[in-house]
Structure formats: structure tokens, C-alpha cells
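**Student:** Before I ask anything, here is the structure I am working with.
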Amino acid sequence: MVDNPTIYLGIMLAVISGLMNGMFTLPMRYLGRWSWENVWSLFVVVACVVMPPIMMFMTVARPFQILAHAPVRAEAIALATGFIWGFGAVLFGLGVSAIGISMANTLVLAPERLGQPQGEAIMLGTFTAIVGMGFCGYAGVLRDRSEKDGPGATRQMVGEARPFWVGLIICAGAGVISALFNVGYTLSQDIIKSAVQAGASSFGGSNEIWLLVLESGAIANLGYCGYLLGKNRTWPNYRQAKSAPLYALSALMGLLWVGGIFAYGAASPKLGKLGPAIGWPLSLVVSLITANCVGFLVGEWRLSSPAARRWMIAGLVILLGAIGILGWSGSLAS
């Protein structure tokens, strides 16, 4: 076992990443005056267009010189996986709008299948997380049944409500495509090596990767949002009276989400060679628990049956166990 303060700092940063990612969709409940595309496009501009270059310039002295000397293959992977991930992000945003904060996160934020040799603790933690997600997913099915039988409730979430099975398909697609986000980061680690060789920190190198991944992903997101803004004629929503709070909440979404990504980028190098394998599932599990707790607090489960709530609580308890196992596995990394 490694008793290294750097490892524990990495675990703490991964947890912070999960907390921020679990909360970032909460403002969507208070943006009903706008259409989904109004909210999502501003979120993407802040998270994927504005913040990545700011963070890169803040943490790397000669960022473009480093990119010029970094392996072309690593940069191409970052750009390609980022662009494809952008479509997964669109589906995730639609999924949150369709079936709520807690269930969208449950169905999308599944830990990646670990592709390199892993310790038993990492595999156990990942398996435990998958079991917990299964419990939460079944709770969502029970919730949908009980809400159909119960009285209706006023919808607060921005965007269009959809049948649960439609939301399920949307979120499943988002989960599959969004897996490329961490795959791209993992396969682009040579960019970090180039940054470190040039005198930058590993955190600065991570920010170089995020610039490529997020800016590329913004193309898919903004392209789809632009299509909807034209099709639904929702551009004028940005000129509504007293819209300052809507702009602020949309920007807050972007800052919370991208803050979680930067926190993960800072956590991964501190977790040793298995950083992406430990930090990513740990962040996702914390994000899932946070999102479900937020869902409970804002009333997403108030019409659900007692059985649905019991299954969800059991799932969250199992996920807490997964956090403990994954955190412990970080201390075993060499």
C-alpha cells in the first residue's frame, strides 16, 4: 500500500470533480422560460469554447509550441473522440430534459470497462458501482410506473417531457457515445508527456488535451443547437426582458461542468499510472450519487412509490461502497 499524500489529493480532486458534475444540471429546472437549445448552447459556449483556452493559457507558458511538438496521433485522437463525444453530450442534455436529473445521470454515467491490466480493487469497485447503478435504474422504472398511476405534477425542467422509454434510449445512446470522452483523454496522454518535457506541469498538459477535446466537441453541440434555434425560431428568446438570471444560470451550468473536468484532469496524474482508470469511475460514481441526491431534494421522486425510493436508496448505499473501494484502490497504485 502506498502512503502518499499526492494519491489522497488525487482522490479528493476526483471526488470534487464528481460533486461538480453531479450538480451542473440543477439550473435546468429554473430555466423554463427558455427552450432547451437556448440553454444548452450557452452552456456549451462557456464550458467548451471559452473556458478551455483560458485554463490552458493560465497553466501553460507556451501552449501552442507544445502542441506543435506533441505527437500528431495523440492530437488526432483527442480531436476525433471529442467531436464524437459532442453528440453524446447533446443526447445527455436531451436525456436530462426528458427524464430528470437523477435518472439521466444514472443511465449515462456508467464506469468505463477498464482496458488495461487493473488491480482487483479497481475491478471490484467498478463491479460494485455497476450493481448500484442497476438498483438505481430499476428504481427509475418503478418511479415511472407509480407516476403514471398517480396525479400529475407541474413540469419545471427546461425542454420537452418524453415517455420514460424514449428517455431511456436517449440516455443509453449518450452513455455509449460519451464513453469516448475518457477514452480520448487516456489515449492522448503523450500530449501531457510533451508538456512536461517542455517544462509545464502535468495539469497544464491535461488542459492542452481538454482544449482539443472540448473545442472539437463544441462543434457537434453548437451545430445541433443552431439547427434547433433556426427550426424552432427560438433565437428571440435571448432578447426576452429580465433574462439576466437565465444567462447567469446557463453560465453557471458551464462553469460547474467544466470545473469538474479540470478537477479530474488535475486528479488523474496524481493517481499514478492507473489515474484514468481510477479517477474517472470514482468521479462518475460521486457524480451519480450527487445527481440523485439533488433529484430527491428538488422533488423528482415525490410522486414515486415507497418501493421505488427503497430501491434508489439501496442503490445509493451500494454506490457509496463503490466510492470507498475505488478510493482505497488509489492508495494501492505504485
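What follows is calculated from the coordinates using simple rules that are stated; it is not laboratory data. What you see is a predicted model, and the numbers here were worked out from it, not measured in a lab. Here Cβ is always computed from backbone atoms with ideal geometry, including for glycine, and neighbour counts include all displayed protein chains.
**Student:** Once you place label points 7 Å from the Cα toward the Cβ at residue 242 and residue 307, how far apart are they in nm?
**Tutor:** 4.5
**Student:** A further question on this structure: Listing 25, 186, 6 from the residue with the fewest other Cβ atoms within 10 Å to the one with the most, what is the order? Don't skip to the end; give the middle numbers.
**Tutor:** Working: 25 27, 186 19, 6 12.
Ascending number of Cβ neighbours within 10 Å: 6, 186, 25.
**Student:** I want to check the label-to-label distance for residue 6 and residue 293. Put each point 7 Å from Cα in the C-beta direction and report it in nm to one decimal.
**Tutor:** For the pair residue 6/residue 293, the computed spacing is 3.0 nm.
**Student:** Give, in nm to one decimal, the length gained when the segment between residue 76 and residue 197 is fully stretched (0.36 nm per residue of separation minus the Cα-Cα distance).
**Tutor:** Numbers: separation 121, 0.36 × 121 = 43.56 nm, distance 2.01 nm.
In short, 41.5 nm is gained.
**Student:** Now for a different question. For the residues 235, 34, what sequence is obtained by ranking on other C-beta atoms within 10 Å, fewest first? Show your work: numbers first, answer last.
**Tutor:** Details: 235 13, 34 23.
The fewest-first ordering by Cβ neighbours comes to 235, 34.
**Student:** If you take every residue apart from residue 188 with its C-beta less than 12 Å away from the C-beta of residue 188, what net charge results, scoring Lys and Arg +1 and Asp and Glu -1?
**Tutor:** Working: positive: 73, 193; negative: 75, 190, 208.
With Lys, Arg at +1 and Asp, Glu at -1, the neighbours total -1.
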